Amino acid sequence: MPCLERISKMNDSIVFGCAQGWEDSLIAELPKAAAQCLAPGLVLAHKINSSSWDNLIFAREWMPEAQLIQADSANKLASACVDLWTPKLRQGLPWTWRWQTPDSWEEKADYYKNLASRVRLIQRIFQEQMRSFFPGLWKKHLGAEKLSNDKSQNAMHSGYLSDCIIVAQGVLIDKDKAWVSISTSKPQNTHKPPFFKPLWQQIHADQQAPCRSYYKLEEVWLELGQAPTEQDTCVDLGAAPGGWTWSALKRGSKVIAVDAAALAPHIQKHRNCTHCIENGYTFTPQQPADWLLCDIIARPLASLGILERWLAQGLCHNFVVAIKFRGKDPSSLLPKIAEVLKPYQHLNIRVRHLYYNHNEITIFSNAQSSNAKISV
């Protein structure tokens, strides 16, 4: 039989996933909780209110009621999950599951690459056991392909599919050790995997994008559930070579690209692009922009100062601003970010360490959202 170890009470412990190297930054967001790094990309915390999970900047996934299992074979690990999860699955609700390694949540990582084949083996064994021994429960299973299509997502968010869904997760951290979780959650209250296909996997490669930063902005549009339209005007500060400008142009928006450096030729020539060779720190549009886009390579407080000025002067309705850390301790910046954003609690402002963020975070807002909140 597999060795099973519970860490604290099941309803008190939660494991958060983050990018490797950012565990301390995530722990710093949990000042009132006993938190510790379990492994690269994993943080364990206790007694965290579920309403605050989506407000965390550095958490990319969470595993409520987490517990550690240890076993000396993939078959035993899979069997342990069958034993642990089937009592809850008998509640009769739709359910989904996923096995993975912590580096599933970041773009460039290979710490767990030697465990990839073992994860696939555990997945196969678990699926075979559920199909064979619990066919009735398996019929309630919703695969990633069902949860990732627009029809299923709309049904879940509208409440037509189910009021709740059961989510089972396994994260392998060594060949004989995994953290597992099973919980019931309202799908309309979360956007985190494994409910749907992870957002970054929904971004298609674009051969015309002049730089990698393009994908960062594409991820923001998915997080917001909205992007600029043909009716919108965007101001892109620090635009060159044009990654963020291109993201807006391809949606039909008009873009004022502010940068002394050159844009990629096809962006420079675009009929909806106006290249202003001016200082991005001091640039002021003649009228408020629908979107402020800012990916300037600058000290973090300088970029935050740009955002503060644009908000105070009403120069934009929505914004996306990247804050580069540039050697600054991320936790030391969070109080200042909260201070700057505090007067604008009527906006839907979020702060995230995105999949395509490396040594930076992104602040973005969609003022039209009805779920106004500041996630800092």
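Bear in mind that the values in this text are calculations on the coordinates, not laboratory data. The model shown is predicted, which means the values in this text are computed figures rather than measured ones. Neighbour counts are summed over all protein chains in view; Cβ atoms, including those assigned to glycine, are modelled from backbone coordinates with ideal geometry.
Key figures
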{"item": "FRET efficiency estimate (nearest 0.05) - Cβ-Cβ, E230 to R326, R0 41 angstrom", "result": "0.70"}
{"item": "Gap separating the Cα centres of the stretch 35-62 and the stretch 74-134, nearest whole Å", "result": "21 Å"}
{"item": "Simple Cβ-charge dipole of the stretch 202-375, Lys/Arg +1 and Asp/Glu -1, about Cα centre, in debye nearest 20", "result": "200 debye"}
{"item": "Linear extension gain, D12 paired with S73, 0.36 nm per residue minus alpha-carbon span", "result": "19.1 nm"}
{"item": "Label-point gap, in nm, between K336 and A205 - each point 7 angstrom along Cα→Cβ", "result": "3.9 nm"}
{"item": "Protection proxy ranking, peptides 344-356, 114-126, average beta carbon neighbours within 10 Å, highest first", "result": "344-356, 114-126"}
{"item": "Of K216/K254; K175/K324; K139/K250; K139/K177; K113/K324, pairs whose Cα-Cα distance is over 31 Å", "result": "K175/K324; K139/K250"}
{"item": "At R0 = 22 Å, FRET efficiency that the Cβ-Cβ distance of A116 and H358 yields, to 0.05", "result": "0.45"}
{"item": "Linear extension gain, I297 paired with T274, 0.36 nm per residue minus alpha-carbon span", "result": "6.2 nm"}
{"item": "Ranked by how many other beta carbons lie within 10 Å on average, peptides 250-259, 75-84, 330-339 from highest", "result": "250-259, 75-84, 330-339"}
{"item": "Förster-model FRET efficiency, 45 Å R0, K47 and F283, C-beta, rounded to 0.05", "result": "0.45"}
{"item": "Listed residues Q313, V351, T274: farthest to the positive end of the dipole of the stretch 254-376 (Cβ charges)", "result": "V351"}
{"item": "Length added when fully stretched, R131-Q36, from 0.36 nm per residue minus Cα-Cα", "result": "30.5 nm"}
{"item": "Where labels lie 7 Å past Cα in the beta-carbon direction, separation of W138 and A260 in nm", "result": "6.6 nm"}
